[in-house]
Structure formats: C-alpha cells, structure tokens
Amino acid sequence: MPTLKQALLAAQQSLSDTADNPDLEAAMLLCHLLEKPKSHLYAWPEAQLTQAQQLQYQQLIEQRRQGTPIAYILQQREFWSLPLRVTPDTLIPRAETELLVEQAIHRLQEWQNPSVADLGTGSGAIALAVSSERPDARVVATDLQQAALDVATENARRLGLQNLAFHAGDWCDALPEGERFDVILSNPPYIESADPHLSQGDLPYEPRSALVSGDDGLDAIRTIIDQAPARLKQNGWLILEHGYNQANAVRQLMQSAGMSGIASHRDLAGQPRVTEGCFSRSV
C-alpha cells in the first residue's frame, strides 16, 4: 500500500490536467478521507494507507477528475470564516459574495436590534454571516427549495446561531405576513439563460434555479425590486448581488421603484457586483 507521500504525489499528477491547484486539492481530499488536518500529511509522510483507504481516495480523485466541484465532494466550503455544509441542492458560496455581507454590516450600523431578510438563502451563507456579526439582529432566511433550507438550518444549528428563522417560498412572498425589515439582502440567480459560462467550471453541477434568471438574467432581480418596498421599513435598504455587467440595469430598476441613495459597489477585482437602494415612504 502507498505511503501518504506516494498517494499525494500520484493524486497531484492525476489532477494536474483538471484542477486549478492539484497540489492543494489532492491534500484537501486526503485530509477529508483521513479526517486529519493538513499538518498530519507532512508529519507522517511514510504512514501507509490501508487498502480500503487507497480505494476510497482513488474514488474521490476520480470524482474530481470528472468535474465534480471539490466543495460538493468535501460537503463543505468556508464563507466569512464560517465552515458551511454544502450539497448539490445549494449554490457553492463564493468569496465575492462577502461584499454583499460587508455592505449589509455597514448599513446595519444604523440600527439596534435590526431585522434582516436574506432571500434565496441556499446554504445560509449570507444569513449566517450576518447573524454571526449581529447577534442582536432578527434574521429571516428564505428559499424556494426545502432541501436547501434543510442545509441552511443544519448549518445554523452546527454553528450555534439561534437568532434566525427559516421560511420556504418565493422571494418576498416567503416572508412572514405583515413583517417589515430594516435590510433585505439577496444573491439571486442572475445569469442569462444562454450564457456559455453555464457549461464551464463548477456551474454545470450547481442547481440551475440558483444560477439562471431569464434571457437577460434579471427576472429574479425585477421581482425582488418590485416586491421589496412593501416589505421594508421606512428608510430600509435593499442590497443585491448581480452580474458584473448588470449594475446600470439594477440601478435603473431601483430608481423606477422609487428608491433613493442608489449606489453600486465594486469587488476586489474592480467589478461592480453589489447595488443598494433605500426606500422612504412619502408622509
């Protein structure tokens, strides 16, 4: 049976034509199999795998070679320094979405005991990040898919976050009747239905309903902007993630909905990926 060092080297070679970082992914998969930290691989390089472990490791490597996202193989992805369980029922949380959380935390400085809604929560990444930063907040997370809500609920339980409620349903229609919020957040589907990127990278394995939103990618965003004013408190904020080329369209939609203070914010790559607007009712 191979040693850990030999198994790693073979896996790195096997992943070299499919993985962006074969060395890292080979190590992550082996740590996952052994349920050990990465330091174990380098502290005990001559330790041998059992026959069963070798077979399981080969199966994991083959899954990755076939294109299965490593987050789905590991069933985990870190977001906002929170270890989250993810499954094929949920979108894989991405680092650029942390900009949405950052802007929400900034806006929430205006309130004590704020109320926050996260629409289309998936694994719960956004709602759980806000909850962890603002334990005084009431956070309501919604999703159309019950399987996704089950994952989000499990993540909240594992992280010990208790200031959340989960509701199944479509966008603002899923929010508790009559309740209004200081901030409504969403990372909705915003990819155009004919976008060629849908066949690349991890996207073919992720739930299409969490990615695609009509011919121009704006169907879900239109619905949320149309519904949100009725569910926001006076001077409440709607904050949305969107595609890098959709900022102008999202700002125009918010302006047409009567919002003010509309602004777009750029991610670390310099792309405008988050747009916000404030809703003030006429007195």
Filter result for the condition that a residue is closer than 15 Å to PRO176 by Cα and surrounded by fewer than 17 Cβ atoms within 10 Å (Cβ to Cβ), over LEU144, LEU119: LEU144
Every pair of residues 6+ apart whose Cβ atoms lie under 8 Å, when the first sits in the range 65-76 and is touching a residue at least 24 places away in the same chain (Cβ under 8 Å) while the second is among the aromatic types (Phe, Trp, Tyr) and surrounded by fewer than 16 Cβ atoms within 10 Å (Cβ to Cβ): GLY67/TYR205; THR68/TYR205; PRO69/TYR205; TYR72/TYR205
Meets criteria (within 18 Å of THR275 (Cα to Cα), surrounded by fewer than 19 Cβ atoms within 10 Å (Cβ to Cβ) and out of contact with any Phe, Trp or Tyr (no Cβ under 6 Å at 6 or more places or on another chain)) for ALA104: no
Hey, GLU25 outside the structural domain of TYR205 (by TED's automatic domain parsing) and outside any helix (DSSP H, G or I) or not: no
The range 13-31 - residue that is more than 18 Å from TRP44 (Cβ to Cβ) and crowded, with 16+ Cβ neighbours inside 10 Å and, of those, modelled with the lowest pLDDT: ALA19
Filter pass, THR153 being of a type outside the set (Lys, Arg), in the same structural domain as VAL274 (by TED's automatic domain parsing), surrounded by fewer than 20 Cβ atoms within 10 Å (Cβ to Cβ) and under 17 Å from the mean Cα position of the chain (by Cα): yes
Of all residues in the range 226-249 being buried (at least 22 other Cβ atoms within 10 Å of the Cβ) and within 20 Å of the chain's Cα centre (by Cα), the one that is farthest from ARG138 (Cα to Cα): GLN246
Of all residues making up the range 250-271, the number that are over 23 Å from the mean Cα position of the chain (by Cα) and crowded, with 19+ Cβ neighbours inside 10 Å: 3
Total residues in the range 202-222, condition within 20 Å of the chain's Cα centre (by Cα), under 16 Å from TYR190 (Cβ atoms) and assigned to a helix (DSSP H, G or I): 7
Residue within the range 145-159 that is of a type outside the set (Ser, Thr, Tyr) and within 28 Å of GLN271 (Cα to Cα) present: no
The listed residue being assigned by TED's automatic domain parsing to the domain that holds SER123, under 29 Å from ILE73 (Cβ atoms), touching a residue at least 24 places away in the same chain (Cβ under 8 Å) and out of contact with any Phe, Trp or Tyr (no Cβ under 9 Å at 6 or more places or on another chain), out of PRO176, PRO207, PRO188: PRO207
Single match in SER132, SER213 (criterion: surrounded by 14 or more Cβ atoms within 10 Å (Cβ to Cβ), at pLDDT below 95 and touching a helix residue (DSSP H, G or I) at 6+ places or on another chain (Cβ under 9 Å)): SER213
Selection count where residues are of a type outside the set (Lys, Arg) and surrounded by 14 or more Cβ atoms within 10 Å (Cβ to Cβ), scope the range 59-87: 17
Members of the range 210-223 found to be out of contact with any Gly (no Cβ under 9 Å at 6 or more places or on another chain) and in contact (Cβ under 8 Å) with a residue 60 or more places away in the chain, listed by number: LEU211
The listed residue being more than 18 Å from the chain's Cα centre (by Cα), over 30 Å from ASP17 (Cβ atoms) and of a type outside the set (Phe, Trp, Tyr), out of GLY120, GLY124, GLY178: GLY178
Count of the range 179-194 residues which are among the polar types (S, T, N, Q) and either closer than 15 Å to ASN235 by Cα or outside any loop (DSSP other than H, G, I, E, B) (or both): 1
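The values are calculated or read from the model by the stated rules, or taken from the named source; none is laboratory data. Everything numeric here is computed off the predicted structure, so don't read it as measured data. Using ideal geometry, Cβ is built from the backbone for each residue, glycine included, and neighbour counts are taken over all protein chains shown.
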